[in-house]
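Shown next, in structure tokens, is the structure this report addresses.
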Amino acid sequence: MPRRYDPERRQRIIDAAIRVVGGKGLAGLSHRSVAAEADVPLGSTTYHFKTLDELMVAALRQANEGFAKAVAAYGDLDDSSADLATALAGILGDWLSGDRTAVELEYELYLAALRRPALRPVAAEWADDLAERIAHRTDPVTARALVALMDGICLQVLLTGTPYDEGYAREVLGRVIP
């Protein structure tokens, strides 16, 4: 039987991995579960991703795009006349008010980097990219502190189930900005 040309297969596998983690958590992620979810032969998942870490890196990179889009959509971050704390609190609000499952999934993959060193560089990408964007409005150390604070606020909202309080975020972010 001739090999079927399927240029979207790799992407379908990544999408399936994200759905598997979203539905079953990282514990449910395997080449077999992803192949079943993507409706592809098991060999396809191992062809495109030799290890689960490679698959998780691709999934985390794609999940990071959700936050990157929220940042890019917020024009006030680049406007030096706009209040930086308000802009950052707004970005968090927009992101956290979106698809909560996607946000939880991104954090689950992000925190998996604690045990999977292959994920660490990708997990750090979103923080590095945001700090770089903020640094032109403040200094690099303050930019990193703001990113860490935003990360902490997100984790608290996700872990406690409390609603995001944009006023609180704006206030505490403003306290860090010189």
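Some notes on this structure:
- Filtered residues of the stretch 19-78 (kept if closer than 17 Å to Asp6 by Cβ and aromatic (Phe, Trp, Tyr)): Tyr47, Phe49
- Screening the stretch 104-145 for residues that are in contact (Cβ under 8 Å) with a residue 40 or more places away in the chain and hydroxyl-bearing (Ser, Thr, Tyr) and picking the one that is nearest to Gly22 (Cα to Cα) gives Tyr107.
- In the stretch 91-114, the qualifying residues are those that are part of a loop (DSSP other than H, G, I, E, B) and either at pLDDT below 85 or in contact with a helix residue (DSSP H, G or I) (Cβ under 9 Å, 6 or more places away or on another chain) (or both), and the one that is least open to solvent (accessible area, probe 1.4 Å) is Ala113.
- Residue count for the stretch 27-58 satisfying the condition of being open to solvent by 50 Å² or more (accessible area, probe 1.4 Å), in contact (Cβ under 8 Å) with a residue 24 or more places away in the chain and closer than 19 Å to Glu106 by Cα: 1.
- Pairs are defined by a Cβ separation below 6 Å, a sequence spacing of at least 6 or placement on different chains, a first member in the stretch 1-21 that is within 10 Å of Ala38 (Cβ to Cβ) and at pLDDT 95 or above, and a second member that is open to solvent by 70 Å² or more (accessible area, probe 1.4 Å) and polar (S, T, N, Q); no pair meets this definition.
- Among the residues of the stretch 27-62, the ones that are under 22 Å from the mean Cα position of the chain (by Cα) and charged (D, E, K, R) come to 4 in all.
The values are calculated or read from the model by the stated rules, or taken from the named source; none is laboratory data. Remember, predicted model here, so these are calculated numbers, not experimental data. Cβ sites come from the backbone with ideal geometry, for glycine too, and all protein chains shown count toward neighbours. Calculation scope for accessible area: heavy atoms of the full protein, side chains included, ligands and nucleic acids excluded. Shrake-Rupley method; radii C 1.70, N 1.55, O 1.52, S 1.80 Å.
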